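First up is the structure itself, then whatever we jot down about it.
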Amino acid sequence: MTEPASLAPPTHRVATVLYAVATAVLVWASLRGVWGTLRFDAVMAAGTAVGITAGLLALAPRRRAASVAVLVAGYVATALALAIPGVPDAADAWMRALRETALGPVTGWKDVVTLPTPLGEYGATLVPPLALVVLGTYAIVRLGAGSSRRWGLAAVVAAAMLMGAIAVGPASRVPLPWPPALTALDPDGVWSAAGIGLTGLATTLAWFRSRAAAERRAALAAAGRAGQARAGRARLRAAGRAATAAALAAVAVVVAVTLAGPVSAGQPREVARTLIEPRLVVDATASPLAAYRVSFADESFNAELLSVVVESGDPARIRVATLPFYDGRTFSASAPAGYSPLRFRHLPSPLAVSGDVSTARITVAGLGGPWAPVPGLLGSVAFDGPRAAALTDTFYYAAEAGAAVVTADGGIAAGDVIIATAANGPSTPLAQAGASPGRASISTDLIPDSLRDWVDAQDATRDASGLAQLLQSLRARGYLSHSLGAEGTQGWTASLDDYELVPAAAGHSYDRIDRMFTALNAREDEVGAGADATLVAAVGDDEQFAAAAALVAAELGFPARVVLGFRLQATDAEGWTPPPCEGGVCRGGNLSAWVEVRAASGEWLAVDVTPQHTVAPDASTVEQRDPEHPTATDPRRAQDIEAVAALKGRSADNPALVGGGGAWLSGWARTAAVLAGVLLLLLAVPAAILIAKAARRGRRRRGTPAQVAEGGWEEYVDGARDAGQPPAARATRHEAALVLATAHGAEIAAIADRATFTSGGVSEADARRAWTLVEADRVELRSRRPWWRRLGTRLSTRSLLGRSERPSPAPSTGAHR
């Protein structure tokens with residue numbers, strides 16, 4: 001029994017199926033670190049079986065529609081039974097599951113790269129890899145096992161599957177889960193990652209060679225005995241070349257992997273997750289400014305947080321966290337709606353820095369969390385200690401903010417060593433920074449009216465000199481306090497000479513800052529203009545005063561941000577700030593916050609903001625103490641928090657995870673925009689094909705009547721080609737028309753022959769008639785195809801890519817010169 005014409009020999013199909021299985025296994029190995037469950041293994045196995053089965057069925061004549069049905073049904077069944085946990089047990093979950101099954105291949109990848117790993121069996125996150133392996137293996141078998149010349153495209157599909165798996169895979173290298181011996185030999189996953197890539201290359205080359213060799217043998221066999229003799233000699237020569245090539249490739253691979261392995265072990269793994277993971281970690285972490293006064297509790301005040309050894313230069317400060325954004329509740333590194341998020345990136349090569357450059361070796365003791373301490377604006381960084389490799393893989397830096405984070409579990413930890421080279425930053429005094437840039441980085445809606453009233457009452461200029469005056473007055477009229485009561489305050493109160501404790505609430509929300517400036521305004525109304533010592537009324541610490549200073553800068557049009565860190569040198573002429581780290585050892589009591597104000601020149605200038613602690617406010621001013629549990633936000637701006645947003649560690653109105661955007665782009669508008677974008681992407685290629693064909697028709701219908709008639713014949717041939725009925729390459733027009741057997745083909749050929757080969761040519765009416773007949777016959781050609789293939793005929797690119805196979809314009813029978 002002979003093979004159907006549409007099928008390749010069985011050996012081709014077996015080789016292609018094995019190639020599809022090998023590709024699916026490599027995709028599984030690349031992605032298993034993201035999920036790491038037996039359910040993921042089952043989903044990948046079932047998806048591979050569905051894709052291969054549907055692909056083989058598509059090769060059989062008149063079974064392509066059935067193959068699509070098997071593909072869709074198998075995908076949906078696997079998704080509902082395996083990929084989405086709990087669906088069979090919950091009737092009300094069926095509609096949600098069907099929706100996730102339909103949208104998961106397009107939108108589900110966002111959850112895969114934005115949720116922390118391992119994902120386990122969370123939600124419908126297994127739907128995207130299921131869709132990848134089902135569609136990928138189907139396409140490999142459908143293209144690679146057919147008799148078409150397009151079998152090489154199967155390798156393109158396999159490469160796309162592997163690249164997609166790597167792109168959405170884990171941010172750190174993970175060893176293969178099996179076999180155990182390999183896992184033990186490669187605990188860091190360096191050799192496993194190289195092995196996946198090399199195995200993918202080897203399987204592709206082996207499949208290509210087997211398919212090409214089989215076609216060559218078939219061609220030689222068709223040439224008879226001489227061909228068989230040549231085939232025998234060719235096989236001997238090919239075997240020798242293959243053995244030599246295999247030996248050379250093996251040596252090259254061993255040398256390359258041996259040399260590249262240790263190098264790649266120290267390099268970060270750049271995947272889609274690495275662009276998102278730092279924002280996830282920062283967004284899910286409470287603002288360190290909100291926890292500032294915890295460092296001044298008795299159990300933390302003298303606790304060592306880190307130690308610094310300066311190897312070169314003279315750094316003044318150690319930056320821990322940079323907080324550029326304010327949402328009315330806290331200063332943080334999470335961009336509110338309408339602001340571009342910080343761009344955290346790996347630091348594979350040094351950054352250019354200028355000015356005074358220092359190198360410091362920072363050893364972490366009690367400091368924790370994602371924020372990594374650095375001695376200024378970072379130029380280069382290296383790591384030491386037991387977690388050096390993990391720190392290298394998970395260290396990210398946002399150069400525009402001078403902020404560094406570590407996304408390893410728990411962030412930085414005791415024993416971590418950071419060796420950083422950084423610029424100390426400009427030493428220009430704020431008063432000399434010049435005019436206001438007029439582009440504040442904080443929304444004016446978040447500036448309390450009481451702050452504006454206080455600024456107006458000071459009659460300060462609205463430039464850097466006026467800002468420096470305002471901030472100095474704010475500090476002098478404030479009073480330092482780290483607590484609401486005397487309990488747990490012995491450490492920091494004892495460190496201040498003749499200090500009188502005045503209770504102050506924590507927090508730096510809109511409401512908390514509003515009450516500070518309300519107290520300042522009330523005191524000024526009470527005593528009138530006078531010395532700063534008589535106007536002391538605002539009580540707090542660096543948390544409140546850093547926030548207040550940033551808002552004052554915003555009121556004058558200066559971009560400002562809050563920075564938490566330590567001082568290695570005294571930077572405050574007034575001596576009000578927490579003391580510098582003694583002997584390079586930074587303790588809880590050394591932690592400080594300051595603001596950085598951006599000058600018109602672009603420089604960020606550090607400004608100390610700690611209030612004075614020698615003149616307490618008048619007793620009548622503090623009779624009405626702050627509430628112990630102050631309102632977190634301005635009540636006029638209070639909003640409900642969505643449960644899903646809270647689960648992911650961000651508020652509903654803070655889409656920092658996916659970048660900035662207008663506040664209007666939310667809810668149905670955001671959904672509509674996403675769907676419109678997806679639709680445009682899906683329609684881009686079909687639209688380009690239709691536009692190209694329309695432009696071609698337009699060119700062919702222009703010119704002399706002879707050119708228009710000849711263009712009509714070309715359009716007729718292209719229509720047949722798109723319908724899957726290309727005429728023979730050397731057939732005359734008349735012969736081609738007979739083969740196509742359409743109602744008007746012979747007449748179209750006759751008009752074109754007269755246009756080409758007769759001296760009189762054709763009239764304009766003849767040319768128009770030729771095009772009318774072409775349109776009618778094109779409809780006839782399409783009608784011969786099954787209804788589900790007619791759209792494919794319209795979108796076929798055969799006529800755009802196969803112009804070298806057109807029938808020759810040799811004169812047909814009856815043509816006259």
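Please work out if ASP459 is more than 30 Å from ALA399 (Cα to Cα), without any contact (Cβ under 8 Å) to a residue 24 or more places away in the chain and of a type in the set (D, E, K, R). Outline the logic, then answer.
On the way: more than 30 Å from ALA399 (Cα to Cα): yes; without any contact (Cβ under 8 Å) to a residue 24 or more places away in the chain: yes; of a type in the set (D, E, K, R): yes.
Yes, satisfied.
Please determine, by comparing only the residues of region 444-464 that are over 13 Å from PHE517 (Cβ atoms) and outside any loop (DSSP other than H, G, I, E, B), which one is modelled with the lowest pLDDT. So that I can check it myself, show each step before the final result.
Kept after step one, since they are over 13 Å from PHE517 (Cβ atoms), are these residues of region 444-464: 444-446, 459-464.
Of the ones still in play, those that are also outside any loop (DSSP other than H, G, I, E, B) are 444-446, 463-464.
Working: THR444: 88, ASP445: 91, LEU446: 94, ASP463: 94, ALA464: 94.
Here the residue is THR444.
Name every residue in region 465-490 that is assigned to a helix (DSSP H, G or I), within 19 Å of LEU591 (Cβ to Cβ) and over 43 Å from the mean Cα position of the chain (by Cα), in order of residue number.
Residues of region 465-490 assigned to a helix (DSSP H, G or I): 465-476, 490.
Now drop any that are not within 19 Å of LEU591 (Cβ to Cβ), which leaves 475, 490.
Within region 465-490, just GLN490 meets the criteria.
If you take the residues of region 491-522 that are of a type in the set (Gly, Ala, Ser) and assigned to a helix (DSSP H, G or I), which of them is surrounded by the most Cβ atoms within 10 Å (Cβ to Cβ)?
Here is the first cut: in region 491-522, the residues of a type in the set (Gly, Ala, Ser) are 491, 494-495, 504-507, 509, 519, 522.
After this cut, where a residue has to be assigned to a helix (DSSP H, G or I) as well, the list is 491, 494, 519, 522.
Working: GLY491: 18, ALA494: 11, ALA519: 23, ALA522: 13.
That would be ALA519.
Matching residues to (1) of a type outside the set (D, E, K, R); (2) modelled with pLDDT under 95; (3) within 24 Å of ALA291 (Cβ to Cβ); (4) crowded, with 19+ Cβ neighbours inside 10 Å:
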| site | (1), (2), (3), (4) |
| --- | --- |
| GLY557 | yes, yes, no, no |
| THR571 | yes, yes, yes, no |
| CYS586 | yes, no, yes, yes |
| VAL595 | yes, no, yes, yes |
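Hey, can you tell me all the residues within region 346-359 that are without any contact (Cβ under 8 Å) to a residue 60 or more places away in the chain and not polar (S, T, N, Q)?
First, pick out the residues of region 346-359 that are without any contact (Cβ under 8 Å) to a residue 60 or more places away in the chain: 347, 349, 351-352.
Passing the criteria: LEU347, LEU351, ALA352.
Could you go through region 28-39 and let me know if any residue there is among the charged types (D, E, K, R) and under 30 Å from PHE208 (Cα atoms). Working first, answer last.
From region 28-39, those among the charged types (D, E, K, R) are 32, 39; that's our starting set.
Still in the running and under 30 Å from PHE208 (Cα atoms): 32.
Yes, because at least one residue in region 28-39 is among the charged types (D, E, K, R) and under 30 Å from PHE208 (Cα atoms).
Test SER441 against the stated conditions and say whether it is of a type in the set (S, T, N, Q) and either at pLDDT below 95 or touching a strand residue (DSSP E or B) at 6+ places or on another chain (Cβ under 9 Å) (or both). It would help to see each step written out before you state the result.
Details: of a type in the set (S, T, N, Q): yes; either at pLDDT below 95 or touching a strand residue (DSSP E or B) at 6+ places or on another chain (Cβ under 9 Å) (or both): yes.
Criteria met by SER441.
Which number in (1) modelled with pLDDT of 85 or more; (2) not aliphatic (A, V, I, L, M); (3) not in a helix (DSSP H, G or I) marks the one condition that GLU775 misses?
(3)
What single numbered condition from (1) more than 26 Å from LEU591 (Cα to Cα); (2) at pLDDT 90 or above fails to hold for PRO336?
Of (1) more than 26 Å from LEU591 (Cα to Cα); (2) at pLDDT 90 or above, only one is false for PRO336: (2).
When you scan region 294-315, do you find a residue that is touching a Cys at 6+ places or on another chain (Cβ under 6 Å) and either of a type in the set (Asp, Glu) or not assigned by TED's automatic domain parsing to the domain that holds ARG567 (or both), even just one? If you could, list the steps in order and put the result at the bottom.
Going residue by residue through region 294-315, those that are touching a Cys at 6+ places or on another chain (Cβ under 6 Å) are 305-306.
This time we only want the ones that are either of a type in the set (Asp, Glu) or not assigned by TED's automatic domain parsing to the domain that holds ARG567 (or both), so: 305-306.
Yes.
For ILE140, state whether it is at pLDDT 80 or above and either aromatic (Phe, Trp, Tyr) or crowded, with 18+ Cβ neighbours inside 10 Å (or both). Explain how you work it out, then say what you get.
On the way: at pLDDT 80 or above: yes; either aromatic (Phe, Trp, Tyr) or crowded, with 18+ Cβ neighbours inside 10 Å (or both): yes.
Here the answer is yes, as ILE140 does meet what is asked.
Which of the residues belonging to region 58-69 are among the aliphatic types (A, V, I, L, M), in a helix (DSSP H, G or I) and either surrounded by fewer than 20 Cβ atoms within 10 Å (Cβ to Cβ) or touching a Cys at 6+ places or on another chain (Cβ under 6 Å) (or both)? Even if it seems obvious, please write down each step before you answer.
Taking region 58-69 as the starting set, the residues that turn out to be among the aliphatic types (A, V, I, L, M) are 58-60, 65-66, 68-69.
If we keep only those that are in a helix (DSSP H, G or I) as well, we get 58-59, 65-66, 68-69.
Within region 58-69, ALA65, ALA66, VAL68, ALA69 meet the criteria.
Just to check your reading of the model, which residue among LEU535, LEU501 is free of Cβ contacts under 8 Å to residues at least 40 places away in the same chain, among the aliphatic types (A, V, I, L, M) and closer than 23 Å to ASP608 by Cβ?
Working: LEU535 fails: free of Cβ contacts under 8 Å to residues at least 40 places away in the same chain.
The unique qualifying residue is LEU501.
If I go through region 470-490 residue by residue, how many of them are surrounded by fewer than 19 Cβ atoms within 10 Å (Cβ to Cβ) and touching a residue at least 24 places away in the same chain (Cβ under 8 Å)?
Here is the first cut: in region 470-490, the residues surrounded by fewer than 19 Cβ atoms within 10 Å (Cβ to Cβ) are 472-473, 476, 484-488, 490.
Add one more test, that the residue is touching a residue at least 24 places away in the same chain (Cβ under 8 Å), and what stays is 473, 476, 484, 488, 490.
So the count comes out to 5.
What pairs can you find where one residue is in region 752-777 and touching a residue at least 60 places away in the same chain (Cβ under 8 Å), the other is aromatic (Phe, Trp, Tyr) and surrounded by 18 or more Cβ atoms within 10 Å (Cβ to Cβ), and their Cβ atoms are less than 7 Å apart, with a gap of 6+ or different chains?
Here the result reads VAL774/TYR716; ASP777/TYR716, each pair linking region 752-777 to a residue that is aromatic (Phe, Trp, Tyr) and surrounded by 18 or more Cβ atoms within 10 Å (Cβ to Cβ).
Among the residues in region 413-431, are any assigned to a helix (DSSP H, G or I) and not assigned by TED's automatic domain parsing to the domain that holds ALA533? Give the derivation first.
From region 413-431, those assigned to a helix (DSSP H, G or I) are 430-431; that's our starting set.
Filter once more, so that each one left must be not assigned by TED's automatic domain parsing to the domain that holds ALA533: 430-431.
Scanning region 413-431, I find at least one residue that is assigned to a helix (DSSP H, G or I) and not assigned by TED's automatic domain parsing to the domain that holds ALA533, so the answer is yes.
Let's see how each residue does on (1) touching a Phe, Trp or Tyr at 6+ places or on another chain (Cβ under 8 Å); (2) among the aromatic types (Phe, Trp, Tyr); (3) closer than 30 Å to LEU367 by Cα:
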site	(1), (2), (3)
PRO503	no, no, yes
LEU520	yes, no, no
ASP532	no, no, no
ASP541	yes, no, yes
GLU555	no, no, no
LEU568	no, no, yes
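Look through region 13-52, keep the residues that are polar (S, T, N, Q) and in contact with a helix residue (DSSP H, G or I) (Cβ under 7 Å, 6 or more places away or on another chain), and return whichever of them is surrounded by the fewest Cβ atoms within 10 Å (Cβ to Cβ). Please lay out each step first, then the result.
Of the residues in region 13-52, the ones polar (S, T, N, Q) are 16, 23, 30, 37, 48.
Narrowing further to those that are in contact with a helix residue (DSSP H, G or I) (Cβ under 7 Å, 6 or more places away or on another chain): 16, 23, 30, 48.
Details: THR16: 27, THR23: 28, SER30: 27, THR48: 23.
Going through the qualifying residues, I end up with THR48.
Quick one: count up the residues across region 326-350 that are buried (at least 16 other Cβ atoms within 10 Å of the Cβ) and either aromatic (Phe, Trp, Tyr) or in a loop (DSSP other than H, G, I, E, B) (or both).
So the count comes out to 17.
Among the residues of region 365-411, write down those that are closer than 17 Å to VAL309 by Cβ and surrounded by 22 or more Cβ atoms within 10 Å (Cβ to Cβ).
LEU367, ALA372, PRO373, VAL374, PRO375, GLY376
The values are calculated or read from the model by the stated rules, or taken from the named source; none is laboratory data. Fair warning: this is a prediction, and the values are worked out from it, not measured in the lab. Virtual Cβ from ideal backbone geometry, glycine too; neighbours counted across all protein chains shown.
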